[in-house]
Amino acid sequence: MQFDSAQPIWLQLVDEFSRRIAAGEWRAGARISPVRELASELTVNPNTVQRAFAELERDGVVRSERTAGRFVTDDAAQILSLRRRLAAAAADDFARRSLGVGLSLSDAQTLLAERWNHDHDRTEGSVRAAG
């Protein structure tokens, strides 16, 4: 993972871990790797990973069990809410950038549909090739 020096690393980890949960890479109810293991994998301080998890726990997408470790919530509504928040943030960014370059709503919708179909076709092709 590449970090951006313009934003605190712990916030970038919140974003990355949220993405992993929303995308299903970390499945609902699944145990999450220990803090030290993740810190080593990401080459960051364990306290930084701990701070990111504290934020995710406040958001209700991760829970901590004293002797068993950390787990992704098994609350499907909470995960759906997370997905929607992440998608809304991406949509806000797309809208802001599209307006910034003078794109009309119609042209922005067309572009989004083209990119959506392009990415969907590419994803489907890699699934077919792997299967």
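Each reported figure results from applying straightforward, stated rules to the coordinates on display, with no laboratory input. Quick caveat: nothing in here was measured; it's all calculated off a predicted structure. As a convention, Cβ positions derive from the backbone with ideal geometry for all residues, glycine included, and neighbour counts pool all protein chains shown.
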Checklist entry - With each run of n ≥ 4 DSSP H residues scored as -39500 (n - 2.57), what mean residue ellipticity at 222 nm is computed for the chain after dividing by its residue count and rounding to the nearest 500 deg cm²/dmol? => result -22500 deg cm²/dmol
Checklist outcome for this item: For Trp10, Trp116, ascending order of other Cβ atoms within 10 Å (fewest first) is Trp116, Trp10
Item to check | Footprinting exposure proxy for Thr67, Thr110 (fewest neighbouring C-beta atoms within 10 Å first) | outcome: Thr67, Thr110
Checklist outcome for this item: For Met1, the net charge from surrounding residues (Cβ-Cβ under 12 Å; K, R +1; D, E -1) works out to -2
Checklist entry - Based on the mean of other beta carbon atoms within 10 Å per residue, what is the order of 15-24, 68-77, 92-101, most packed first? => result 15-24, 68-77, 92-101
Checklist entry - Just one of [x] 1.07; [y] 0.94; [z] 1.04 is Rg/Rh (Cα atoms, Kirkwood Rh) calculated from these coordinates, so which is it? => result [z]
Checklist outcome for this item: So, with points 7 Å from each Cα along the Cβ direction, the Arg97-Gln2 label distance in nm works out to 1.4
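Pairs of Cα atoms under 8 Å, at least six residues apart: use those to get the relative contact order of the stretch 9-75, whole percent.
Values: 71 pairs, mean separation 26.0, N = 67.
The value is 39 percent.
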Checklist outcome for this item: Taking a ≥ b ≥ c as the square roots of the Cα gyration tensor eigenvalues, with a/c under 1.5 meaning rounded and otherwise prolate when a/b beats b/c or oblate if not, the stretch 30-72 comes out oblate
Next on the checklist: Taking R0 as 35 Å, what FRET efficiency do you get between Glu37 and Ala90 from their Cβ-Cβ distance, rounded to the nearest 0.05?
Outcome noted: 0.75
Checklist entry - So, with +1 on the Cβ of K and R and -1 on the Cβ of D and E, and no other charges, what is the size of the charge dipole of the chain about its Cα centre, to the nearest 20 debye? => result 300
Checklist entry - Pairing the Cα long axis of helix 9-22 with the longest principal axis of the chain, what angle in degrees results, from 0 to 90 and rounded to the nearest 10? => result 70
